[in-house]
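Before I ask anything, here is the structure I am working with.
Nothing in this text is a laboratory measurement; each read-out follows from the coordinates by a stated rule. Quantities reported herein were computed from a predicted structural model and do not represent experimental measurements. Neighbour counts run over all protein chains shown; Cβ positions are idealised from the backbone, glycine included.
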Amino acid sequence: MTATRPATVAGGPLRIETLPSLPGLAGLYARGAAASGRIAAGRALPHLPVVGTALEPGDGPLALPDVAYRVSGVETDGLAPHLRDYQRLVHEPASDTMPAGYLHVLAFPLATAVMVRGDFPLPLLGMVHLSNAVEHRGPVRVGDLLEVRAWAENLRPHRRGVQIDLVAEVWPDGGGERALWRGVSTYLAKGFHLPDGSPSGVDGSPERAPSGTWAPPLPTGRWALGPGTGRAYGAVSGDRNPIHLSALSAKAFGYPRAIAHGMYTAARALADVGNARGDAYRWTVHFGRPVLLPGTVDVAVTPAEDGTGFRYVGWNAPRRLKHFEGGVVPLDA
C-alpha cells in the first residue's frame with residue numbers, strides 16, 4: 001500500500017475542504033444517527049418527496065462525495081496524558097512515540113466526518129468494520145505538528161451489500177514527500193447494491209472458514225476482557241458506539257452483549273508483537289466474529305512463514321471461532 005493523491009472514480013482529483021480543527025465524535029455520531037434515519041426512510045419510502053433518496057439501482061447509482069477533508073496545524077503538545085491512557089489500555093509501553101493504533105484514534109474523527117456528510121450515500125449506523133491496512137512510516141512523537149486528511153473511495157460490491165474504503169492520512173504539517181501514517185478502513189453496508197449486477201461473492205475480501213474446519217495454533221497469550229472494556233476504549237478513543245458500551249444498548253442492535261471494539265483488539269495484538277516491529281511497519285487486520293464482553297481471547301503471535309514480519313490471530317477457544325487475524329511487516333523507513 002502506497003500513499004496516493006485522493007481522486008474521484010473518474011480519476012480526477014478530489015476537492016479539498018479545509019476544516020478549522022478535528023471534529024468531536026459525539027456530535028458526529030448524533031449527525032450520523034440522523035442521517036442513517038433519513039437513509040432508512042428513503043429506502044422504505046423511495047417515492048415520498050423530500051424523504052426519498054436515490055439509493056436503489058432503479059433510482060440512481062450510489063455515488064461517493066468528491067471531497068477530501070483536511071485539517072492542518074494539529075498540535076500534539078498536550079496529548080501526553082491521553083497517549084499514556086491509550087498505551088496503558090492496549091498494553092503498549094509508555095513512550096512519547098505514538099503507535100499506529102493511536103494515530104488511527106487521532107485521525108478517526110475526520111474520517112467519520114466524511115461518513116456523516118449529507119451526500120454520503122450509506123448509513124453510519126449499522127456499518128460493519130471488515131478490515132484495516134496501515135502503513136506506519138516512522139516515529140510520530142508528542143510535540144510534532146501534524147496535518148490530517150481523510151476521504152472515501154473504492155465503492156464496490158460485496159456478497160452481502162457494498163463495501164467502501166475510508167482513507168485517513170497523517171502528514172507533517174504543511175505536507176511533505178509522503179504521509180507519516182496511512183490507514184485504510186474497509187466497511188460493509190448490508191443490503192445496498194451497485195447497479196452493475198456484480199456476482200455474489202466477488203468482493204475482494206477473504207471468505208471466513210467454517211468454524212469446524214479451523215485448527216487453532218498454540219496460544220502465546222490469553223486476554224481476559226472485562227465487561228467495561230468497551231467503555232474504557234470508548235473513553236480513550238471517543239468511539240462510544242452503543243454496541244460497545246453495555247449489554248442493554250448492544251441488544252438494541254442485535255448483539256446479546258456488548259462487543260469489544262475491533263481496533264482495540266487489533267491494537268492489543270500490535271502491542272503483543274512488541275518492539276520487533278521496528279519504527280516503520282505495515283499493519284493489517286481482518287475482523288471475524290465479534291468479541292462478546294466479558295470474554296476471553298486466545299492469541300497467537302508467530303513469525304511469518306516467509307520470514308518477513310509476524311502473523312497474529314485471536315480466537316474463542318471453546319468454540320474455535322476466529323475473532324481477528326493479521327500481520328505486521330517491518331518497512332524500510
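If eta is 1.306 mPa s and T is 10 °C, what Stokes-Einstein diffusion coefficient results for segment 117-178, Kirkwood Rh from Cα pairs, in µm²/s? Don't jump to the answer; show the numbers that get you there.
Details: Rh = 14.4 Å.
Diffusion coefficient, whole number: 110 µm²/s.
Can you tell me the FRET efficiency between ARG88 and ARG117 if r is taken as the Cβ-Cβ distance and R0 is 25 Å, rounded to the nearest 0.05?
It comes to 0.10.
Taking neighbour counts of Cβ atoms within 10 Å as a proxy for exposure, in what order, fewest first, do SER249, SER237 appear?
Going from least to most buried by this count: SER249, SER237.
Another question, if that's okay. When a footprinting reagent is the concern and you count Cβ atoms within 10 Å, what order do VAL67, VAL148 take, fewest first? The partial results should precede the final answer.
Working: VAL67 19, VAL148 25.
Lowest count first: VAL67, VAL148.
A further question on this structure: Starting at 0 and stepping by 5 Å, how many percent of the alpha carbon pairs of segment 214-330 end up in each bin?
Spelled out per bin, shortest first, that is 2, 12, 21, 22, 19, 12, 8, 3, 1, 0.
Next question. For segment 116-187, what relative contact order do you get, as a whole percent, if you take Cα pairs closer than 8 Å and at least 6 residues apart?
37 percent
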